[in-house]
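Have a look at the structure below before the remarks.
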Amino acid sequence: MQCKKCGAELPEGANFCPGCGAPVNKPERTQKHKSRGNGTGCVYKRGKSWYAVISTGYYENGQCRRKSKGGFKTKKEANDYIEQLRFHPVREKKISALYDALEPHLEKLSATKRTHYKTAYNRLQLIQNVNIGDLSVVDLQTVVDENAATYYPAKDMRDLLSLIYQQAMKDDYVAVNKAKFIVLPDLDEKDTVPFTADEIRALWADYQAGNTLTGFFLLMIYTGMMPGEARKVTVDMVQLAEKRIVGAGLKTTKRKETPIILPDIIVPVVEELMAGKSGRLWEADENAFYDYWKEMKQRTGCRQIPELRPYSCRHTTATTLADRQVSAAIIQEVMRHAKITTTRRYVHLNQDAQADAINAAFQN
């Protein structure tokens, strides 16, 4: 009998080889049978839940790419689900492709909102060619932090990413909308203020001096129109006989369905703005609108403060009506608000007005 290890002859009854010391008649080790072969997935327990995991390939850096699903109460449930993971492997989809698929749906939004989303997409340049399944929350937060220092640009980026994730979830490219975990910068915005009576008179003087485009801001003050609505108005929307504008409302159903009433004082202004035009009353682009606003403020001597912005026209409408003791219900209709609580945010009563109201109420 020979030693299996060194081949030396073994004495009869020996327990060890005299040449190499190897044990004689050592029982062979049997390898434990694997329940699942390499590359066919595994299960593990985290906390009280079981997880099913499969490998779907490798990243460029050599790291293993995995797909998993958790929440199973038993090991058997997790094992049984592995085949479903294998049947629905991870599919790759780049941010750019998802944006292209989403873009036709964005056409339903306002021109302003589409512009904001287009700008937001340009700020996502670093991740446009990355597969959405490869992005972590840290990746998303980094690209937002590096490309948007203030609240509203960052919010546009987050909102657009959220729409992109929703598009990806519909086609089963991802299971979670990671965009909702993006943290935005603090909102540092001062309240919008209305025009003073002197500033409104200065705008009228500027308009009467031949600066016709100032009429757009007077139109906004006397109707409560939003800047985007003023730029949207076309000749066909204006019904001079009925003294109203129909179809220029933006954003909410209430604003879209409620006509904009034209006070008598503003009708001649609208007629001049319409003269010689067949399309939009404001023929230039949005940038030109805000450039003119800055020039007009400087020219008319209005307050050079950031709180006096084009939206101040709308705040002026509500505040002036409240100063004239117009009922809250009528102001709400003029502003085309669905809720009176929204209307209240547009009314800026000064301390003198409040004092006058209190004194009048408590007179003997």
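The values are calculated or read from the model by the stated rules, or taken from the named source; none is laboratory data. Worth saying up front: this structure is predicted, and the values here are computed from it rather than measured. Here the Cβ is made from the backbone with ideal geometry for all residues, glycine too, and neighbour counts use every protein chain on show.
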Of the listed residues (Ala101, Ala111), the one being at pLDDT below 85 and outside the structural domain of Val53 (by TED's automatic domain parsing) is Ala111
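Listed here are the residues, each with its yes/no results for (1) surrounded by 14 or more Cβ atoms within 10 Å (Cβ to Cβ); (2) modelled with pLDDT under 95.
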position: Val246; (1), (2): yes, no
position: Lys251; (1), (2): yes, yes
position: Ile265; (1), (2): no, no
position: Glu286; (1), (2): yes, yes
position: Met296; (1), (2): yes, no
position: Gly301; (1), (2): no, no
position: Cys313; (1), (2): yes, no
position: Thr319; (1), (2): yes, yes
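Of the residues Gly247, Gly301, Gly279, only one is of a type in the set (Gly, Ala, Ser) and within 16 Å of Ala197 (Cα to Cα); which? Full working, then the answer.
Values: Gly247 fails: within 16 Å of Ala197 (Cα to Cα); Gly279 fails: within 16 Å of Ala197 (Cα to Cα).
Answer to the check: Gly301.
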Among the numbered criteria (1) in a loop (DSSP other than H, G, I, E, B); (2) in contact (Cβ under 8 Å) with a residue 40 or more places away in the chain, which single criterion is violated by Gln325?
(2)
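So, in region 159-200, of the ones that are acidic (Asp, Glu) and within 16 Å of the chain's Cα centre (by Cα), which residue ends up surrounded by the fewest Cβ atoms within 10 Å (Cβ to Cβ)? It would help to see each step written out before you state the result.
If we filter region 159-200 for residues that are acidic (Asp, Glu), which is where we start, we get 159, 171-172, 186, 188-189, 191, 198-199.
When the remaining residues are screened for being within 16 Å of the chain's Cα centre (by Cα), the result is 159, 186.
Numbers: Asp159: 16, Asp186: 7.
Only one residue fits best here, namely Asp186.
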Pairs under 8 Å by beta carbon, first residue touching a residue at least 60 places away in the same chain (Cβ under 8 Å) and closer than 17 Å to Glu295 by Cβ in region 195-211, partner part of a helix (DSSP H, G or I) and small (Gly, Ala, Ser), six or more apart or different chains?
Phe195/Ser312; Tyr207/Gly215
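When you look at Arg336, is it charged (D, E, K, R), touching a helix residue (DSSP H, G or I) at 6+ places or on another chain (Cβ under 7 Å) and more than 18 Å from Phe216 (Cβ to Cβ), yes or no?
yes
Look at Ala154 and say whether it is at pLDDT 90 or above, touching an Asp or Glu at 6+ places or on another chain (Cβ under 6 Å) and closer than 30 Å to Glu229 by Cα. Write out each step before concluding.
Numbers: at pLDDT 90 or above: yes; touching an Asp or Glu at 6+ places or on another chain (Cβ under 6 Å): no; closer than 30 Å to Glu229 by Cα: yes.
So Ala154 does not fit the description; no.
Among the candidates Gly276, Gly249, Gly224, Gly301, single out the residue that is touching a residue at least 40 places away in the same chain (Cβ under 8 Å) and more than 22 Å from Ala205 (Cα to Cα). Write out each step before concluding.
Values: Gly276 fails: touching a residue at least 40 places away in the same chain (Cβ under 8 Å); Gly224 fails: more than 22 Å from Ala205 (Cα to Cα); Gly301 fails: more than 22 Å from Ala205 (Cα to Cα).
Every option except Gly249 fails the conditions.
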Of all residues making up region 118-146, the number that are under 19 Å from Leu102 (Cβ atoms) and among the polar types (S, T, N, Q):
6
Considering only helices (runs of 4 or more DSSP H) wholly within region 247-311, the ones with at least 1 residues that are among the acidic types (Asp, Glu) and assigned by TED's automatic domain parsing to the domain that holds Leu109 are none
Name the single residue that is surrounded by the most Cβ atoms within 10 Å (Cβ to Cβ) among those in region 214-234 being at pLDDT 95 or above and in contact with a Ser or Thr (Cβ under 6 Å, 6 or more places away or on another chain).
Gly224
Of all the residues that make up region 126-158, how many are among the small types (Gly, Ala, Ser) and crowded, with 18+ Cβ neighbours inside 10 Å?
2
In region 192-215, which residues are in a loop (DSSP other than H, G, I, E, B) and either more than 20 Å from Ala322 (Cβ to Cβ) or small (Gly, Ala, Ser) (or both)?
Ala209, Gly210, Asn211, Thr212, Leu213
